[in-house]
1. Once amide H atoms are placed 1.01 Å from N in the peptide plane, what residues at a sequence separation of 5 or more from GLY161, or on another chain, have their amide H within under 5 Å of its amide H?
2. Computed from the coordinates I sent, volume of the Cα convex hull per residue in Å³ equals one of [x] 148; [y] 123; [z] 164. Tell me the label.
3. In whole Hz and in residue order, list the ³J(HN,Hα) couplings for segment 306-317 that follow from phi through the Karplus curve 6.51 cos²θ - 1.76 cosθ + 1.60, θ = phi - 60°; x for Gly and Pro.
4. Calculated FRET efficiency, ASN271 and GLU34, Cβ-Cβ r, R0 56 Å, to nearest 0.05?
5. Given the Cα-Cα distance of ARG58 and VAL259 and 0.36 nm per residue of separation, how much length would full extension add, in nm?
6. Which far-off residues, 5 or more places away or on another chain, put their amide H under 5 Å from the one on LEU101, with H placed in the peptide plane?
7. Report relative contact order for the chain in percent, whole number only (criteria: Cα-Cα under 8 Å, sequence separation at least 6).
8. Over segment 26-119, what relative contact order in percent results from Cα pairs under 8 Å that are six or more residues apart?
Amino acid sequence: MVRVNRTNGGVNLLALRSHNAALVLDLLRRAGAEGISRLELAERTGLTPQAVSKITGRLRDEGLAAQAGRRASTGGKPRTVLRLVPEAGHAVGVHLDRDALRALVVDLDGSVVAERCAPLDLGAGAEAVVGEVGQAVEEVLGGTFAGGAALREIPSLLGVGVALPGPLDHARGVLHRVTGFPEWDGFPLREVLQRRLGVPVVVDKDTNAAALGLAAAGEGGGGSFAYLHLGTGLGAGLVIGGAVHRGGRTGAGEFGHQVVQLDGPPCTCGNRGCIEALCLGAMTRQDAEEAARVLGAGAANLVGLLDIDLVLLGGRTVTATPDVFVRGVAAALAERARGEHAVPVRLAPGGARAVAQGAAQLLLGPLFGRPDG
């Protein structure tokens, strides 16, 4: 059983009470089914063997770690190998798009164990949308845990992560003027959902959540990358130094609303000539190559500003014609590089699940010592 401290002010998943325990748990996760010995854990963490033994003993008592066999030693008796127990903890990730909802359950490995998808009208009003989220979470968990227990009675459930278009206040879980849906301005989504579900809830922008999930999966190698998401809107998730960059007011990444054409078409944000308006306008004309060219111009600006190492592309519009977008954005970056090393461009893994899986990482991250979760 994972012991979770559920507080009114948010989520405290560090029930293991120790940064060192989180480091050990993360190494167990990375080791996979083959496991890792206590000696290796001590070497990689810099902790004493006695400290590692105490931590792993507690993890085993709490059901988070288990013996995975024995490994031959260069001297003395064989070493006991430990592994993570993935089914000891679960998190729900919810992606609220403008017209669709995806809810999934992941275990401690991040593997998806249940999933539900449904249409959604984000403009239907807060009461209707909160009701849809609550129903989806209950259904997806009902398909995972037998008995129809209330959410708060599921011992392995860490909570629910919700990702949706911004801008929003990640720290307080309050929405701002969601582009195209100004009626959401000031709505305390985290508070309302916690009251509705009875479990911890974390809220973040869709692009930040996806970037967090990609970083947790090892994309970017602990360096810096930008995840550009083009679907019903356009935004960016920024990972700098291995951590999601949200900015001082958690508003970073409003990539789609940088103005690149002063007399351009109007955008739903109220400005004219935004990259989002130009990209979506090109797609309305079924001109994916033009949309990719515009997206590439914005990506080149971002690379030049932040000197990032990698650009990852995702979102339903990109995944419909991935080669066009990867090729178009890569060409723009190569042209801007002027013969120097061009930043690589790749399709982000995860496909349609990327945002929802990242939303689940908002709950899992702190458990493994990733505070940006």
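The values are calculated or read from the model by the stated rules, or taken from the named source; none is laboratory data. This one's a predicted model, so the numbers in the text were calculated from it and none came from an experiment. Please note: Cβ atoms are built from the backbone with ideal geometry, for glycine as well, and neighbour counts cover all protein chains shown. Just so you know, the surface numbers come from the protein's heavy atoms only, side chains and all, with ligands and any DNA or RNA stripped out. Shrake-Rupley method; radii C 1.70, N 1.55, O 1.52, S 1.80 Å.
1. For GLY161, the qualifying residues are VAL92, GLY93, VAL94, VAL202.
2. It is the value labelled [x].
3. Going residue by residue, I get 10, 6, 7, 9, 7, 10, 10, 10, x, x, 4, 5 Hz, with x marking Gly and Pro.
4. Details: r = 53 Å, r/R0 = 0.94.
Computed FRET efficiency for ASN271 and GLU34: 0.60.
5. Taking 0.36 nm per residue and subtracting the Cα distance, the gain is 67.0 nm.
6. Distant-sequence amide H within range of LEU101: ALA118, LEU120.
7. Here the relative contact order equals 16 percent.
8. 22 percent
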